[in-house]
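Quick notes on the structure that follows.
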Amino acid sequence: MSELFNLQLSEKMEPVLEAVKAFIANEINPVEQEFHDSPKQDNIWMLSDRQSEIIDDLKSKARAQRLWNFFLPDWNGEGVSNLDYAYLAQEMGKSHLAPEVFNCNAPDTGNMEVLAKYGTPEQQQQWLAPLLAGDIRSAYAMTEPDVASSDAKNIATTAVLENGEWVINGEKYYISGAGDSRCAIMIVMVRTDPNPDAPMHSRQSQILVPMDNPGVEIVGPMNVFGDPDAPHGHMHLRFNNCRVPESNMLLGAGRGFEISQGRLGPGRIHHCMRALGQAEVALEMMIKRGLSRQAFGKPLIKLGGNFDLVAESRIELDSCRLMVLQAAKAMDVLGNKEARVYISAIKALVPKVTGEIIDRAIQMHGGAGVSQWTPLASMFTHNRTLRLADGPDEVHRMVVARAEILKYGQ
Ligand SMILES: Cc1cc2nc3c(=O)[nH]c(=O)nc-3n(C[C@H](O)[C@H](O)[C@H](O)COP(=O)(O)OP(=O)(O)OC[C@H]3O[C@@H](n4cnc5c(N)ncnc54)[C@H](O)[C@@H]3O)c2cc1C
């Protein structure tokens, strides 16, 4: 167990971390503002020509330097541990573009992991290869508007086998990335066993559905605090007698929960790692603003309780970092399944703390904090959604509480 307390970056990854930092500083930061300010297309779900040029150029440079697909367990034939990845993801989280530039963006990483772990050679050739190359993007469709989807056992979209094809019917919403015109494939959680007496955990399955399937209807984008978040988008989808070959099933009918156990752990911890990067950016912005503006004869940072808020932010952020590193280490040492309580603990804590730190930075910026002149408003709204996506805070607290109470035999 003492292994769980060795939270250092491995020596072999030290130069890689430095290379990631340098790439973000020298290649991404100089063009990031231009990317965001670039005029949108009439079709908001497509990148503009200039945006495509920027992102494609950055991706090919990152790939040429082998700063690519770090999340893969056998990265460059050596492997990046979850702990090492935590250090890298924290840096990537500081920039909006970086995760995609290094092909380490959600939800693609989780989908690639599923395909790598559970896909057949044919599924891997068709979908994993172009995802690993960064040529296409993907989505993961579980949540449904009509059932409480934080309990995955409620998922009601059906898939019925008919003449060698699965016929899918149902509705999903908030499917991230499904708006992006580059999104080619979706992993969809469906119910394959209609028997109401079937064991709860073997009713669900996960199946591959190409976005251009005529049975996939994009009803429209779901807004996030009033914004459609184009071109990524969080789509409301309907499956209308959507037919896919029997071979599109992942792992086997009834094994959807098994796949979720493998997929959601890494996805959740990646969100928390990137959130730490956002919290660092917010704290830096809060301090710089507080030092550079004066009111009532003093720098803002010295007024009222602001000094204290800086300390509180640093203390909370560093505590969160230690917990994230330990959860990553637990995944390395104990495995994803055994590490689930560590993962739930950070998922319930980190987005909440990050939100508070971003909120303090907004406050220190006055009106500019909620304006288009700083990234803080968008950081705040994105971070707020993390308290829902991949399981609301309460569900993760339930996991922690259950494990804690179990220690007393109940
Ligand atoms: C921006 C964004 C992106 C998303 N991306 C995706 C995506 O790509 N794919 C996808 O499938 N889904 C996605 N989601 C959906 C997200 O995962 C769900 O919203 C989330 O899982 C909760 O499900 P629900 O909305 O049905 O809420 P419900 O299950 O109805 O829960 C509502 C509330 O009930 C309370 N609650 C639930 N369980 C408990 C409990 N055990 N104890 C106490 N209180 C509880 C919580 O307060 C919870 O917020 C996204 C959501 C957002 C906002």
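Segment 262-281 to segment 114-190: how many Å between their Cα centroids? That distance is 22 Å. The residue list ASN43, LEU17, LEU309 was ranked by how far each Cα lies along the charge dipole of the chain toward its positive end, using unit charges on Cβ atoms, and LEU309 comes out on top. The order of GLU284, GLU32, going from fewest to most other C-beta atoms within 10 Å of their C-beta, is GLU284, GLU32. Multiplying each eigenvalue of the alpha-carbon gyration tensor of segment 268-356 by 5 and taking the square root yields semi-axes of 34, 10, 9 Å, largest first, rounded to whole angstroms.
Eigenvalues of the alpha-carbon gyration tensor of segment 257-406, scaled by 5 and square-rooted, set the equivalent ellipsoid semi-axes at 34, 15, 12 angstrom, largest first. A cut-off of 5 Å between modelled amide H atoms, ignoring neighbours fewer than 5 places along the same chain, links ALA141 with ILE187, VAL188, MET189.
Ordered by the count of other Cβ atoms within 10 Å of each Cβ, fewest first, TRP75, TRP127 give TRP75, TRP127.
Let me know the Kirkwood hydrodynamic radius for segment 137-254, please, with Cα pairs as the basis and the value in Å to one decimal. Evaluated on segment 137-254, it is 14.3 Å. Counting beta carbons within 10 Å around each of CYS320, CYS272 and listing the fewest first gives the order CYS320, CYS272.
The aspartates and glutamates within cross-link reach of LYS337, meaning a Cα-to-Cα straight distance under 14 Å and a gap of 8 or more places when in the same chain, are GLU258. Rg and Dmax of segment 97-158, based on Cα coordinates, read 14.0, 37 Å. Taken about its Cα centre, the chain carries a charge dipole of roughly 1000 debye when the Cβ of each Lys and Arg holds +1 and the Cβ of each Asp and Glu holds -1. Beyond 27 Å between alpha-carbons counts as too far, so tell me which of LYS61/LYS172; LYS94/LYS172; LYS117/LYS347 fall in that bin. Correct reply: LYS61/LYS172; LYS94/LYS172. Per the Cα gyration tensor, segment 192-342 maps to an equivalent ellipsoid with semi-axes of 45, 24, 12 Å, ordered largest to smallest. For segment 2-105, the spherically averaged projection of the C-alpha convex hull amounts to 7.3 nm². Helices of the chain meeting both criteria, an alpha-carbon length of 24 angstrom or more along the long axis and an average Kyte-Doolittle score not below 0.0, with helices taken as full DSSP H segments, are 306-334, 340-364. Scaled to the globular estimate 2.2 N^0.38 Å, the Cα spread of segment 67-190, given as radius of gyration, is 1.18. Its convex hull of Cα atoms gives the chain a direction-averaged projected area, equal to a quarter of the hull surface, of 22.1 nm².
Only the coordinates and a few stated rules stand behind these numbers; no lab work does. These figures come from a predicted structure and were not determined experimentally. Note: ideal-geometry Cβ built from the backbone for every residue, glycine included; neighbour counts use all protein chains shown.
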